[in-house]
1. Given a cut-off of 20 Å, what percent of all Cα-Cα pairs of region B:61-157 lie beyond it?
2. Which residues in region A:90-112 place their backbone N less than 13 Å from a point set 7 Å from the Cα of A:Met186 along the Cα-to-Cβ direction?
3. With Rg and the Kirkwood Rh both taken from Cα atoms, where does Rg over Rh land for region A:75-216?
4. Looking at the calculated P(r) for the protein assembly as shown, what percent of the C-alpha pair distances fall above 38 Å?
5. Considering the dipole of region B:56-137 built from charges on the beta carbon (Lys and Arg +1, Asp and Glu -1) around the Cα centre, which of B:Val86, B:Ala114, B:Ile65 is farthest to its positive end?
6. So what's the gap between the Cα centers of region A:28-52 and region B:39-64, to the nearest angstrom?
7. If the label for A:Phe32 sits 7 angstrom from Cα along the Cα-to-Cβ line, what are its distances to the same label in every other copy, in nm to one decimal, shortest first?
8. Name the chain B residue nearest the rotation axis between B and A, going by Cβ position, and give the distance in whole Å.
Number of protein chains: 2
Amino acid sequence: MIADSFPVDLVSWDYATSLSRSLAAMIRASRFEPDIVIAIGRGGYVPARIVCDRLLMTDLTSIKIEHWGTAAHKFDQARIRFPLSVNVEGKDILVIDDITDTGETLMTAREYLALSSPSEIRTGVLQHKTSSAHQPDYYAELLSDWKWIVYPWALHEDLIGFLEKVLSTRPASAGDLVETLRLRFMMNPDMDEVILALNDMVSLGMVARQRDLFYALGSTQSPGPE
Amino acid sequence: MIADSFPVDLVSWDYATSLSRSLAAMIRASRFEPDIVIAIGRGGYVPARIVCDRLLMTDLTSIKIEHWGTAAHKFDQARIRFPLSVNVEGKDILVIDDITDTGETLMTAREYLALSSPSEIRTGVLQHKTSSAHQPDYYAELLSDWKWIVYPWALHEDLIGFLEKVLSTRPASAGDLVETLRLRFMMNPDMDEVILALNDMVSLGMVARQRDLFYALGSTQSPGPE
């Protein structure tokens, strides 16, 4: 079940890149020298690229893991959507993702990659939630209080998700939406980003605009035609 | 041939993410709606992730293209190192990379991906050099004056390359190296980053340190043992 109100952390680019560099430093310090880095798509793309830079690694590839079930649900199901295209038999693999929330993604990745007989699989994330059933080998930060993390490379789509949630209950103006995001989710997105998300929602037919008010299409609480 | 001195642009995270967002906006404005985004590894990982966010696309995968020949050489050879793992037959593909320098990477990607019979292939980069033999379908910025671009996700490894170049001619202190990078390459890296790169070069056995001086190992101009 998703609560109506929970804390959301909008991670800045500065902080996300600094976490990525810390993660690389921890891997370096452990003396693990992977042959290849595998980014979990899509969340692991940016961290994995930075980790490769810091570890001076050129072999970077990706797999995509897809989730089934409601976002933020604790026991969602994960499955491989785009497989590995590289032979990793006998290789030391470093798997990188953004976060361990339920741990389902990394567990699925580990089981899947083990089928290719690598020599070793280690996993690393920027942020590891204590709620996760899987503990990654490396994490730059431990999150013990549950909150929803929005990475800067997912800001637009996540913002649309939150705006949709608010607009599903009542029509609102952009200013009202920003205030509601602040009150319900403790998040302070830039007004520019909110406007961009709202415009996209209008183009996508998710939302209609009437003067200053945005309302969800199909919502019983839309103001209706004039 | 690589000149001894040429302009280098250290792209900030702010600027790189803003170019990525502009690129996405151009793709959106063209009304091209790709079925899948393919990042060219490693340079396209970060831009592709941001483009996916802005275009609300979940299908992101990657291929890796490897270069042969000297870096910064105008006609280097490219080949597929990690292939595509997804069926793209009949699909509209958007290929994302960081830059078109010679254009070799995107040409190789286009030829390779065409073998999988997609419906359409379009290419997009953050920065397109007029020196490139291939013109991408989308680019956020046109670079008409040739310069070497260092993206923030490749800063560490590129910095090591430049420091190696300087140290191959003479031993130098960290301060002297920063000054030389400024004079020869018009670049102003943070001292922290330079120190980190030098430390890595020492660990990797590329460079040795004697008091304040760093010198290339194997260089005839090393100060030698005391």
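Each value in this text was obtained by applying a stated rule to the coordinates, not by laboratory testing. What you see is a predicted model; the values in this text were computed from it and never measured. For neighbour counting, all protein chains shown are included, and Cβ atoms are generated from backbone atoms with ideal geometry for every residue, glycine included.
1. 38
2. The answer is none, because no backbone nitrogen lies closer than 13 Å to the label point.
3. With Rg and the Kirkwood Rh in hand, the quotient comes to 1.10.
4. Summing the P(r) of the protein assembly as shown above 38 Å gives 27 percent of all pairs.
5. B:Ile65
6. Cα centres, region A:28-52 to region B:39-64: 16 Å.
7. 3.8
8. B:Ser85, 2
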